[in-house]
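These notes concern the structure reproduced below.
Taken together, the values in this text are just the output of simple stated rules run on the coordinates, not laboratory data. Keep in mind it's a predicted model, so treat the numbers as computed, not measured. Counting neighbours? That spans all protein chains shown, and the Cβs are built from the backbone with ideal geometry, glycine included.
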Amino acid sequence: MKRIIKLSLFFIFLTQIAFAQKSDLLKYLETIPGLTIIQKENGKNFKEFYQLELTQLLDHKNPHSKTFKQRIFLSLKDKSKPVVLVTEGYNANRAARKDYIEEITQILDANQVFVEHRYFGTSFPDSTDYDYLTIEQAANDHHRVVEILKPYFTGKWINTGISKGGQTTMYHRYYFPNDVDASVPYVGPLMFSRADPRFYYYFDTVGTSECRASIHNYQELLLKKKKELLPKFIEGNKKAGYTYREGYEFGYEYMVLEYSFSFWQWGADCNSIPNESVGMDSVYRHFEKIVPYGYLSEPKEREDYTFMVQAMKDFGYYGYDITEFEGLLDVVKEHNYDFVLPENTKITYHPELMQKVKNYLQKEGDHFLYIYGGFDPYASQQVELTGECDAVKYVLPGGSHSTRIRNFPKETREEMFKKLEEWLDIDITYEFPERQTIKR
């Protein structure tokens, strides 16, 4: 027994010595000014996993400006392998797990650098001065992350993101085209106004005429039966802790307008749309399933304002055609997103930047692989390629906002891999376990 105890203590001692020895990456990170190592772990997907905080200038144009701490998750596979820079558009909560891995990271067997967007999560300045919540400032955040980490790694760099993160990927390349060797934005729209009119055409043409009619009839039913259904809406929101600045009835009507967008965005089944014959309880259960509580409600956290501030100021958004419900809307008389902006805040949209980004992507945006879902409303805002640069785009027929590379047929995935191999000068050996297509 004593021998077993001694051996156990010996192995514990060896383990402690191993952990006490600093890795090359840890030694490197400790030399970077303004970088704090919050956590270090090992995992099954990566050799080393770090949670970091980087001191960033609030205004990169002013070296004397205030600063904030930006949260970064760094996962090491091997310093010679590619590096995937995830330009997250929101908070980075999902990347806090030591074995979290993005699809493109898995495909490339790569290292991963996951950067939380400024004004989200813990990467929030002390004050909510939205003057510094801009696309250019965020791009500079990502540029600095690349600057401090690139000297350590010897492999190629790829930036990627999903939805708003996909947009952020494009914006980063616009400002710093040489930071990475390739870009893979997923379902990232490029919009040109606060309520881009291309969405309206999309809703008039997407899917089949029968499905579009079913959606419209269901929305009409929700409005005609508002007196009966509104109490359910109020009860559900109160349980979830949501309120609406203009009142629950206003929120209800807006959520009815949102139904068609949400339906197509997340790939709902046209056959699932109920009618009055199934009873109002079933009618309402479908509604709250497709349009979850909380969207466009009174923000509870300061980061809840961030997205809409950016949308209304820089990258645009979508709206609702309320004319098709004339006579059925009692409190929503016009489409306007001011009710989800910070109170007493006036924001002016500037369209010039998005036009510049579009021109860059079409004329100079080499080594971009764009992914979209065909039924996703944001596909109506997809980047239009003109053949002037070395970029490719894949749109999955019937795909939703959840469309990923794994959802495409094997032959198409192999085409994508060949492009990435060409751009990154690597061999891709990854194979998906099984074909996963989106069902309609």
Most packed first (mean Cβ within 10 Å per residue), the peptides 314-326, 194-206 order as 314-326, 194-206
Label-point separation, SER23 to ASP78 (7 Å along Cα→Cβ), nm: 1.4
Rounded, prolate or oblate: which one fits the stretch 331-408, using the alpha carbon gyration tensor with axes a ≥ b ≥ c (rounded when a/c is under 1.5, else prolate when a/b beats b/c, else oblate)? oblate
Total formal charge among the other residues, if their Cβ is under 13 angstrom from that of ILE148, Lys/Arg +1 and Asp/Glu -1: -3
For the chain, what does the helix formula give at 222 nm: sum of -39500 (n - 2.57) over DSSP H segments with n ≥ 4, over the residue count, nearest 500 deg cm²/dmol? -11500 deg cm²/dmol
Residues whose placed amide H lies under 5 Å from that of THR67, excluding near-sequence neighbours: LEU58
Select one label from (1) 225; (2) 193; (3) 116: the one whose number is volume of the Cα convex hull per residue in Å³ as derived from the coordinates shown. (2)
What's the local net charge at ARG173, with K and R +1, D and E -1, over the other residues with C-beta under 10 Å away? -3
So, in nm, how far is label CYS270 from label ASN344 when the simple model puts each one 7 Å beyond its Cα toward the Cβ? 5.0
In terms of the Cα gyration tensor, with a ≥ b ≥ c the square roots of its eigenvalues, is the stretch 198-340 rounded because a/c is under 1.5, prolate because a/b exceeds b/c, or oblate? oblate
What nm value, rounded to one decimal, do you get for the distance between LYS333 and GLU246 when each label is placed 7 Å out toward the C-beta? 1.0
Quick test of your reading: applying the under-4.7 Å Cβ rule, which cysteines of the chain are isolated? CYS389
Sequence-distant or interchain residues sharing an amide H contact under 5 Å with ILE38, placed H: which? GLN51, LEU52, GLU53
